[in-house]
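Participant: Please find one structure pasted underneath; my questions will follow.
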Amino acid sequence: MKFTLSWLKDHLDTDATLEEMERVLSLIGLEVEAIENPAEKLGGFTIARIVEAAKHPDADRLKVCQVEIAPGEKPVEVVCGAPNAKTGLIGVFAPLGAYIPGTGLTLEKRPVRGVVSNGMLLSEREMELSDAHDGIVELDSSYAEAIGQPYIDVTGANDPIIEIAITPNRPDCTGVRGVARDLAAAGLGTLKPEPKLGSVDGDYDCPVPIALEFPDHAADACPIFAGRYIRGVQNGASPDWMKKRLEAVGQKTISALVDMTNYVSIDRGRPLHVYDADKLHGTISARLGAIGEHFLALDSKTYDVDDGMCVIADDIAVLGLGGIIGGDESSCTPETTNVLIECAYFDPLRIAITGRKCGVSTDARYRFERGVDPEFVEPGLDLATDLVLKLCGGEPSRAKIAGAAPDGKRTVAFDLARVEKLTGVAVPPKRAAEILTAIGCEIEGGPSALKTGTSVSVTTPSWRPDMHGTADLVEEVIRIVGLDNVPAVPMPRPNDTTKAVLTDQQKRARRTRRVLASRGLVEAITWSFIPEQQAAAFGIDDTDSLSLSNPISIELSTMRPSLLPGLLSAAQRNKNRGFADACLFELGQAYRDPTQTGQQLLASGVRIGTGKAAERGRHWSGNANAVDVFDVKEDAAAVLAALGIDMATVQITRDAPSWYHPGKSGVIRRGPKVVLATFGELHPQTLKDLDVDAPAAAFEIDLGSLPPVKRSARARPAMETVDLLPVRRDFAFTVTADVDAGTVVRAARGADKALISHVQVFDVFEGASLGDGRKSLAIEVTLQPTGATLTDGQIEAVSQKVIAAVAKATGAEIRG
């Protein structure tokens, strides 16, 4: 929103400086984006007259001018190359040392082809008034009496331009009067009364019928349509004062009739439209458009209309989109003699939808879709009529009005105590009443009825559609009082020690990220949506239950039941771009069904190619091996161990989900029912469905299935150290081929929990010498003495316990 200072002062009686206005506007929520002050760049230029213009002695295209820069003073010599420089010309002079904004240069005293120029006569481009640079500025002879005076003061160009940012909830400030009203409420002046209009209502009826033709469901599209016919107008150029203001704020001036509508739109935030009445046919109606209709608009583009758009039409064709843009066919020209002024109210939502459909953005749309004052339809028509009569003459008819303006006012029970309760600022009742009254509210019983601790009825103005309740009134009061007056209050702290702010789940997630990153995996974030066929490949039979109603695309149509599809696709994309050994992990939500219990927090990871934790890629000593089931098993085990799970107590079973390779995968369980993690190499069919190259291995940890965190005592026990060397013994057992190594390890470890600290498998052998269906498992058992060195007898006793425990659990025999 742009306006000039003089335009603002048409509505605001104030002596405030430009700096004070800038500060207050920003404080009350109308942020100043820019101020263009002509005095800063044109203040040093004065009116001057060429007393004599003679040809330069050494240059055919230059002239040496004697320039009168002040009455009674000796003329100064100026070298000028403008073709229109001549004796008697009145122009604009820049003295030595002046900065020329159009060229970015500061004038210095230097010779031009041997003649010293003591200043410069300026063109419009050099003053940044326009792009014209064919000659110097040539002013009217009436400026002869202003020689030596500042150019901006004499020509009225000393009018700063203020640009402010308007939030969508403040349609009242899309007009200059609304801005002036806010400044007056903030104490920066007094709002001037509405100007008195001349006789605008004529003595004959409007000859153009006006109608509203909407079905009941769309009656709010245009609830009121007002018009007035004016005959015998003379459409010429606008007066200079109007041209200067409109051009200063970026509007292109066209003619008095068109400029008048733009002026009222900026001055009051009230868009209007003027039709050439002789180009209209029959009744002018506001109605819904029809599919197949179209019209040529004022921007020289043709727009198609549908049955959801509000249009203005006569009996023959569509004349324009209501509240957005008019049509070229009924536009005013210099030959126009009879006009119809339209002033209506349009539904903001329908305006916004129509504007987006057509891709058209106009000043009218900008204001209507934010909500103009519905009660300013008839006053706006009268104001426009008054301007037309003053600028173009003519005889007005009586106003023709179809429909009625909607009630834009709301009555709110306002409790003054809410101001301090919501903001912490104690505002005196009198000041609160003054503010509410100044912004247009009506207080039942007058301002004196507003007392501390009482509730009064406050009616909001029709030009403020954003004010609905008590909180909005509080916001208005504190906005004008100043948000800088709201005290800064620290949050209460019950003690000096900051309490923990992370939940157990958040701590686990953070620790999981650290562990996986330390193992060489890189965190990724993938879409929560995957294609339907991928969801089916990861165990979801009823994909419809996880389908999105309005997906971004067909490839992102289903909520993911696992994090692996996204990670595998990301790893393959990395491989396609030359990163063949991608190692990725992700923490996120997965969805097995639409219920709350069907949502899981998972930590998943994938390794492809040779992306092992220790080494990857080619090396002079030999190529690294491809990833396998044991790599991802280590990843899962490392995370679980870091989260407090004793891996010696868990069970590892073979019943991994179908997307894993059946012989190269496993499940980590805490008891028979609780699944902590799954891991393994991916099934070839799964890789084919996802278009991922083998080899690839993955793991998935269900962080929600972990047991609750045990709260440890504050006092830590003393650290126990052992200074005795451990004893290691190897055992080789022959067992049936279906016996798991894990069963053997658990049995051996449980033989003597006090002395046995670790058990690991170091050899597996199958051969004909063992017999069909049998294999050899060799384990290393570590004994850790604590009080004294073990004797041979103690070691032998423990060894026999190990052999007996394994034999009992698996039927194993010690291998000879």
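Participant: Considering every residue within region 235-250, establish whether at least one is within 12 Å of residue 388 (Cβ to Cβ), of a type outside the set (Ser, Thr, Tyr), touching a residue at least 24 places away in the same chain (Cβ under 8 Å) and surrounded by 17 or more Cβ atoms within 10 Å (Cβ to Cβ).
Facilitator: yes
One line per residue, one yes/no per condition, for (1) open to solvent by 70 Å² or more (accessible area, probe 1.4 Å); (2) in contact with an Asp or Glu (Cβ under 7 Å, 6 or more places away or on another chain); (3) assigned to a loop (DSSP other than H, G, I, E, B):
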| residue | (1), (2), (3) |
| --- | --- |
| 473 | no, no, no |
| 477 | no, no, no |
| 500 | yes, no, yes |
| 509 | no, no, no |
| 515 | no, no, no |
| 526 | no, yes, yes |
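Participant: Any idea how many residues of region 129-156 are under 8 Å from residue 47 (Cβ atoms) and in contact with an Asp or Glu (Cβ under 9 Å, 6 or more places away or on another chain)?
Facilitator: Residues in region 129-156 being under 8 Å from residue 47 (Cβ atoms) and in contact with an Asp or Glu (Cβ under 9 Å, 6 or more places away or on another chain): 3 in total.
Participant: Tally time: how many residues in region 114-137 are in a loop (DSSP other than H, G, I, E, B) and either exposed (fewer than 15 other Cβ atoms within 10 Å of the Cβ) or of a type in the set (Lys, Arg) (or both)?
Facilitator: Summing the residues that are in a loop (DSSP other than H, G, I, E, B) and either exposed (fewer than 15 other Cβ atoms within 10 Å of the Cβ) or of a type in the set (Lys, Arg) (or both) in region 114-137 gives 8.
Participant: If you scan region 291-309, which residues turn out to be touching a helix residue (DSSP H, G or I) at 6+ places or on another chain (Cβ under 6 Å) and in a loop (DSSP other than H, G, I, E, B)?
Facilitator: 309
Participant: For region 546-557, give me the residue count where each residue is of a type in the set (D, E, K, R) and either touching a Lys or Arg at 6+ places or on another chain (Cβ under 6 Å) or open to solvent by less than 50 Å² (accessible area, probe 1.4 Å) (or both).
Facilitator: 0
Participant: So, of the residues in region 270-294 that are small (Gly, Ala, Ser) and within 16 Å of residue 324 (Cα to Cα), which turns out to be farthest from the chain's Cα centre (by Cα)?
Facilitator: Looking at residues that are small (Gly, Ala, Ser) and within 16 Å of residue 324 (Cα to Cα), I get 285.
Participant: Suppose we filter 514, 493, 479 for residues that are at pLDDT below 95 and either closer than 30 Å to residue 642 by Cβ or in contact with a Gly (Cβ under 8 Å, 6 or more places away or on another chain) (or both); which single one remains?
Facilitator: Exactly one of 514, 493, 479 is at pLDDT below 95 and either closer than 30 Å to residue 642 by Cβ or in contact with a Gly (Cβ under 8 Å, 6 or more places away or on another chain) (or both), namely 479.
Participant: What are the residue pairs meeting all of these: first residue in region 132-159, first residue under 16 Å from residue 95 (Cβ atoms) and modelled with pLDDT under 90, second residue open to solvent by 40 Å² or more (accessible area, probe 1.4 Å) and polar (S, T, N, Q), Cβ atoms under 7 Å, and 6 or more apart or on different chains?
Facilitator: 152/158
Participant: Further question: Could we say that residue 681 is outside any loop (DSSP other than H, G, I, E, B) and either more than 22 Å from residue 779 (Cβ to Cβ) or more than 44 Å from the chain's Cα centre (by Cα) (or both) here?
Facilitator: Taking the combined requirement at face value, the residue satisfies it.
Participant: If only one of 371, 393 is surrounded by fewer than 19 Cβ atoms within 10 Å (Cβ to Cβ), of a type outside the set (Val, Ile, Thr) and touching a residue at least 60 places away in the same chain (Cβ under 8 Å), which one is it?
Facilitator: 393
Participant: Which of the residues that make up region 317-349 are farther than 24 Å from residue 202 by Cβ and among the β-branched types (Val, Ile, Thr)?
Facilitator: Scanning region 317-349 gives 318, 324, 325.
Participant: Yes or no: residue 152 in a helix (DSSP H, G or I), within 47 Å of the chain's Cα centre (by Cα) and crowded, with 18+ Cβ neighbours inside 10 Å?
Facilitator: yes
Participant: A follow-up question, please. Being more than 36 Å from the chain's Cα centre (by Cα) and either surrounded by fewer than 22 Cβ atoms within 10 Å (Cβ to Cβ) or under 20 Å from residue 218 (Cα atoms) (or both) narrows it down to one of 352, 402, so name that one.
Facilitator: Residue meeting the stated conditions: 402.
Participant: For region 750-761, which residues satisfy the criterion of being of a type outside the set (A, V, I, L, M), open to solvent by 60 Å² or more (accessible area, probe 1.4 Å) and over 60 Å from the mean Cα position of the chain (by Cα)?
Facilitator: 753
Participant: I'd like to know if region 39-48 contains one or more residues that are at pLDDT below 95, surrounded by fewer than 14 Cβ atoms within 10 Å (Cβ to Cβ) and either of a type outside the set (Phe, Trp, Tyr) or assigned to a strand (DSSP E or B) (or both).
Facilitator: Scanning region 39-48, I find at least one residue that is at pLDDT below 95, surrounded by fewer than 14 Cβ atoms within 10 Å (Cβ to Cβ) and either of a type outside the set (Phe, Trp, Tyr) or assigned to a strand (DSSP E or B) (or both), so the answer is yes.
Participant: Right, something else. For residue 567, which of the numbered conditions (1) of a type outside the set (Asp, Glu); (2) without any contact (Cβ under 8 Å) to a residue 60 or more places away in the chain; (3) touching a Ser or Thr at 6+ places or on another chain (Cβ under 7 Å) fails to hold?
Facilitator: Checking residue 567 against (1) of a type outside the set (Asp, Glu); (2) without any contact (Cβ under 8 Å) to a residue 60 or more places away in the chain; (3) touching a Ser or Thr at 6+ places or on another chain (Cβ under 7 Å), the one that fails is (2).
Participant: In region 310-332, which residue that is of a type in the set (Val, Ile, Thr) and in a loop (DSSP other than H, G, I, E, B) is most open to solvent (accessible area, probe 1.4 Å)?
Facilitator: It comes out as 316.
Participant: Tell me, which helices (runs of 4 or more DSSP H) lie completely within region 341-443 with 1 or more residues that are closer than 30 Å to residue 455 by Cβ and in contact with a Gly (Cβ under 9 Å, 6 or more places away or on another chain)?
Facilitator: By residue number, 417-423, 429-438.
Participant: Return the residues of region 693-702 that are under 41 Å from the mean Cα position of the chain (by Cα) and either without any contact (Cβ under 8 Å) to a residue 12 or more places away in the chain or open to solvent by 10 Å² or more (accessible area, probe 1.4 Å) (or both); say none if nothing qualifies.
Facilitator: Correct list: 693, 700, 702.
Participant: Next question, about the same structure. For region 582-628, which positions are charged (D, E, K, R) and modelled with pLDDT of 90 or more?
Facilitator: 586, 607, 628, listed by residue number.
Participant: Would you confirm whether any residue within region 201-216 is among the aromatic types (Phe, Trp, Tyr), within 11 Å of residue 340 (Cα to Cα) and surrounded by 14 or more Cβ atoms within 10 Å (Cβ to Cβ)?
Facilitator: no
Participant: Could you run through region 50-92 and say how many residues are assigned to a loop (DSSP other than H, G, I, E, B), open to solvent by 30 Å² or more (accessible area, probe 1.4 Å) and small (Gly, Ala, Ser)?
Facilitator: 3
Participant: Hey, another quick one. Filter region 558-611 for residues that are basic (Lys, Arg) and either surrounded by fewer than 19 Cβ atoms within 10 Å (Cβ to Cβ) or touching a Leu at 6+ places or on another chain (Cβ under 6 Å) (or both); which is farthest from residue 506 (Cα to Cα)?
Facilitator: My answer is 577.
Participant: I need the full set of residues from region 517-532 which are within 34 Å of the chain's Cα centre (by Cα) and either of a type outside the set (Val, Ile, Thr) or farther than 26 Å from residue 639 by Cβ (or both), in order please.
Facilitator: 517, 521, 523, 524, 527, 528, 529, 531, 532
Participant: So, one more: Just checking, which of 664, 688 is within 50 Å of the chain's Cα centre (by Cα) and in a helix (DSSP H, G or I)?
Facilitator: Being within 50 Å of the chain's Cα centre (by Cα) and in a helix (DSSP H, G or I) holds for just one of 664, 688, which is 688.
Participant: Still on this structure: Out of the residues in region 5-22 meeting the condition of being within 12 Å of residue 162 (Cα to Cα) and open to solvent by 60 Å² or more (accessible area, probe 1.4 Å), tell me which one is nearest to the chain's Cα centre (by Cα).
Facilitator: Across region 5-22, the extreme among qualifying residues is 22.
Participant: What number of residues within region 614-639 satisfy the criterion of being open to solvent by 50 Å² or more (accessible area, probe 1.4 Å) and closer than 30 Å to residue 704 by Cβ?
Facilitator: Qualifying residue count for the region: 3.
The values are calculated or read from the model by the stated rules, or taken from the named source; none is laboratory data. This structure is a prediction, so every number in the text was calculated from the model and none was measured. Please note: Cβ atoms are built from the backbone with ideal geometry, for glycine as well, and neighbour counts cover all protein chains shown. The accessibility values were calculated without ligands, DNA or RNA, using every heavy atom of the protein model including side chains. Shrake-Rupley method; radii C 1.70, N 1.55, O 1.52, S 1.80 Å.
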